Structures are given as structure tokens and as C-alpha cells.
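S.K.: Questions regarding the structure given below will be posed in turn.
The values are calculated or read from the model by the stated rules, or taken from the named source; none is laboratory data. Note that the structure is a prediction, hence the values are computed from the model and not measured. All Cβ positions, glycine included, derive from the backbone under ideal geometry; neighbour counts span all protein chains shown. Calculation scope for accessible area: heavy atoms of the full protein, side chains included, ligands and nucleic acids excluded. Shrake-Rupley method; radii C 1.70, N 1.55, O 1.52, S 1.80 Å.
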Amino acid sequence: MSLDMPKFSDLDALYDEAEAKVATSMYEDPALFDAEMEKIFHKTWVWVAHESEFPDKGSFKLSHVGKEPVIVVRDRKGAIHCMVNRCRHRAATVCEVKKGKTSSFQCPYHGWGYGLDGSLRALPYPEQYGDDFDKAQHGLLKLRTDSYAGMVFATFNDELEPLSDFLGPVKKWIDLFMKQGGGFPVKVLGEHQFKVPMNWKVQLENTTDAYHFPIVHKSFLQSLDGETEQVFSFLEHGRGFVEDLGNGHSVMVMMPELVDLDENLDAPIPERFAELAEELRGEGYPEEQVKKIVRAVGGAGFNLNLFPNVSFSLSFFRVLRPVTVEETEIRHIALGMEGGPAAANRMRLRLHEHFQGPMGFGSPDDAEVWERVQRGTKGGETLPILVNRGMVDETAGTDGPRGHISAETGMRAAYAMWKRMMSA
């Protein structure tokens, strides 16, 4: 795909950095979408899994890198591989089970068999290919794979910078987020997924957008007790900030007192967690550990957005997958404590269901406005989309530009990276 095509040859017209204006065609142009899949999703680190989803040797899960189906698997030595889910013979997928455990993968069409590392191990009647057929050249297509803090990323780009460099300042925020294990490793408890008729960038903008929270999530706020509602009234009290972390990443701190869950452990236990605390005490957990676990159950006080496809939102992972220019799949992944108390994990799931779940107060409302954004782009197509909120008083933060809690700093960070990658 070439950027010389007339419809998007002028990247400045698509995203005006000086004015922070996004062209409507950014959400609608199929040719632009195809170019994004090649220039962004094929060229950068894309999140594919959490290690707890395939913990054992031989365990695997299916995922995607952009539109391409992949298998993420541990081999017999525990090494992690990510491979395109396509037989090298006639292109059939070699696995259709979302997650599980196996000793190998076999194409259901002609029986080509592959090892856990993707190598071609056997095929029926190989003599018909001749003596010069090299099995070593016909393994599953492998991606470069790396991980940080249990988060597994993959890329088609062998020349890309190391994952550690790509994440940069994000690593310290991931470390803080993972304190939700309360002293135990973080693990995936479950997930639900759904598709929304929207461009993928509509959701990319959302995770570090506090401006919408008291409006879109009014029903959620009304469902809370008074003490908890005050915690979530971060926009009203002007607490926190949004900061550009480089490479399209950003963080939105909503509750500064909950950024580091190991701090302020002597603070009173919130009323909504009093019953949980009593249950943990009854199970013999010492008071110091009770406080640490209870504090972790409530989640971190910030949202972290990683370009281009995953975010850490208070207490869960949100993963986006572009399907078409006007359709995006969303996965909401509930998190808990590996080896932690059952009562704490049960409470984590109830909190997840309350907001993120399909019958919760948060996800349906978010999905509704995402869809309405996409529908709205059909009218007034020459009108720009504005992401300029907070530019008037943006300052230098620890790692990049920092804005008011309601600023659109995170969106500008993502679009600056989008433009950089589309220009390459």
C-alpha cells in the first residue's frame, strides 16, 4: 500500500497537529484502513496475550495482530512463540480452539503437522514434492515475540526497536498496575468480547478521555454509595492529570491516592470492602495483608493506554482489534490474583461485572457513544473532529506533555504516533 494514493497523500490534512484536528475520513476511508494495517499493525509491537492465559507447557491461545489470526503458545521448554494461524500448504487455519493445551498443531485439510515452535514436522506422502523439498522452509510464519510483566507482544517487524525501548516510561506504570495482585501474581479470570460498528481509532481515543465520564457514565455514578461516588468524582474535583508517555502511549491519573497501591495502607478500609475484610480476617490473613489485598481489589487509580491496541483501565485490560474500517472488536479482560483468596477474586469479578460486564453500567454506555460517533461522521464530512481540549495550559510532565484531567493530551499522543508511522 502506497501513501501516494490521492485520498490520503496529505497526512497534515488528515491530522493537523498544530490545531489538533482530525479529518472525518480518518474513520471512513477503506484505503486508509488498509494502509494502517500495513504501516502500523504490521510494523509495531502489538499486544497478543497475558502469560496467565497459557501458563503451562503446550498451552496456547488464539489472538490477532491487526487482521491476521495468530496462535500464542508455550513450547516444551516454556518458551513463548507467536505464529500466523495458517497452514503453509493451502492456507487453512491449523487451530480453531480459542485456548487449550496440545502437543502439536495439524491442518485439518491435508494433514500437515506442526510443532509447538511452528516447525513443519510431518506431511502425508512427502515423496510427491521431490527430494529437494525442505521442511525447514515451510513452518508456520513466526512473529518476533517479547513480553514485559506478563504482557506478551508480537510484531512482524524484525528491525523494530526492542520492546523495552518501545514501552519506555510505560514500564513503571505497568509495574504499578500489576500491584493489583495484592502480593500475588496477576492472572486473567475471564473475558467477554463484542463488536462495535466503529473505526478502531474511536476506541483508541476513549481510555484516557475523562471528559466523557460524568456524562456517559452518569448511571454508573448513581449506582454507587456516597463514599465511592466521591472517589469517582475526579473531574468535578479536578484531581489528576493526563500525560503523553511517548510512542503513542499515555496515562490518565484519576485518583492520585490510588496510583501506588502499596502506599497509605493505614487508610481506613472503605465501607464497600468491610465485609470482604472481615471474611479475609476469618480465613486467618494477618491485618497488614488484609489491608493490602482489599486495597488491591478496588483497582488502580489510573488508566494506561498503549498504542495501538491495548489499555489498562482501573482494574481490567481492554483490547481492540480492527475488523474493517467501520467495525472493531473489543475484549474486556477481568483480572484477579493467582493463588490469592477466593473471596478477593470473587469481589474482583463482581466489580468487573458492575462496570465492564455486558450487563454492567459502563460498557453498554461506552459502546453506544462509540457507535454514535461513527454514525455521526456520515453528516458534515468536511467538519473536523476536535482533539484540542487542554492545549491552552498543557505543561511539561515527567515524561512528556501533561494536561488537565479532562485534557485530550492522550489522543494527541496517539495521533502523533499514528502520523509518524504512516509517514514512514
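S.K.: Scan segment 62-80 residue by residue and report those that are open to solvent by 50 Å² or more (accessible area, probe 1.4 Å), charged (D, E, K, R) and either touching a Cys at 6+ places or on another chain (Cβ under 7 Å) or not in a loop (DSSP other than H, G, I, E, B) (or both).
M.R.: E68
S.K.: If you don't mind, another one. Please return the ranges of strands (runs of 3 or more DSSP E) entirely within segment 92-163 where 1 or more residues are open to solvent by 80 Å² or more (accessible area, probe 1.4 Å).
M.R.: 99-101, 120-122, 142-148
S.K.: Of all residues in segment 202-240, which are surrounded by fewer than 17 Cβ atoms within 10 Å (Cβ to Cβ), at pLDDT 75 or above and in a helix (DSSP H, G or I)?
M.R.: Selection gives P214 alone.
S.K.: Return a yes/no flag: does segment 138-147 have any residue that is touching a Leu at 6+ places or on another chain (Cβ under 8 Å) and polar (S, T, N, Q).
M.R.: Yes - at least one qualifying residue is present in segment 138-147.
S.K.: Name the pairs: first residue in segment 56-81 and in contact (Cβ under 8 Å) with a residue 60 or more places away in the chain, second residue among the polar types (S, T, N, Q) and part of a loop (DSSP other than H, G, I, E, B), Cβ to Cβ under 8 Å, at least 6 apart or on different chains?
M.R.: V70/N85; I71/N85
S.K.: Does any residue of segment 48-61 turn out to be closer than 20 Å to T328 by Cβ, of a type outside the set (D, E) and assigned to a helix (DSSP H, G or I)?
M.R.: no
S.K.: Condition first: over 28 Å from the mean Cα position of the chain (by Cα), at pLDDT below 95 and over 30 Å from K419 (Cβ atoms). Can you find one or more residues in segment 246-263 that meet it?
M.R.: For segment 246-263, residues over 28 Å from the mean Cα position of the chain (by Cα), at pLDDT below 95 and over 30 Å from K419 (Cβ atoms): absent.
S.K.: Separate question: How many residues does segment 167-186 hold that are open to solvent by 40 Å² or more (accessible area, probe 1.4 Å) and either free of Cβ contacts under 8 Å to residues at least 24 places away in the same chain or under 15 Å from the mean Cα position of the chain (by Cα) (or both)?
M.R.: Of the residues in that region, 2 qualify.
S.K.: Among the numbered conditions (1) open to solvent by less than 40 Å² (accessible area, probe 1.4 Å); (2) in contact (Cβ under 8 Å) with a residue 40 or more places away in the chain; (3) assigned to a helix (DSSP H, G or I); (4) over 14 Å from L351 (Cβ atoms), tell me where Q289 comes up short.
M.R.: The number of the failed condition is (1).
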